[in-house]
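Participant: After the structure tokens below, expect a handful of questions from me.
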């Protein structure tokens, strides 16, 4: 549960960044989902699921427990500084 909240917090941080920069999330099966605008992504109140919408009105629903990486998130930024 704590990991799920950490992932959700990391995504929220990217969602509210000014200026917004597109980012992606990587799932446990290796799929990379691209978020090009903050309006195209929604985290449920319980931090259980992430909804990502694309231009084609396609929707991806991912359980946050299945998100393994958020490139560009806090952990990725700290690695780049080394």
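The values are calculated or read from the model by the stated rules, or taken from the named source; none is laboratory data. From a predicted model like this one, the values you see are computed outputs, not experimental measurements. So basically every Cβ, Gly included, is an ideal-geometry build from the backbone, and we count neighbours across all protein chains shown.
Participant: Considering only residues of segment 5-43 that are in a helix (DSSP H, G or I) and without any contact (Cβ under 8 Å) to a residue 40 or more places away in the chain, which is farthest from residue 68 (Cα to Cα)?
Facilitator: Going through the qualifying residues, I end up with 39.
Conditions tested, residue by residue: (1) modelled with pLDDT of 95 or more; (2) part of a loop (DSSP other than H, G, I, E, B); (3) at negative phi; (4) under 12 Å from the mean Cα position of the chain (by Cα).
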site	(1), (2), (3), (4)
3	no, no, yes, no
45	no, yes, yes, no
51	yes, no, yes, yes
68	no, no, yes, yes
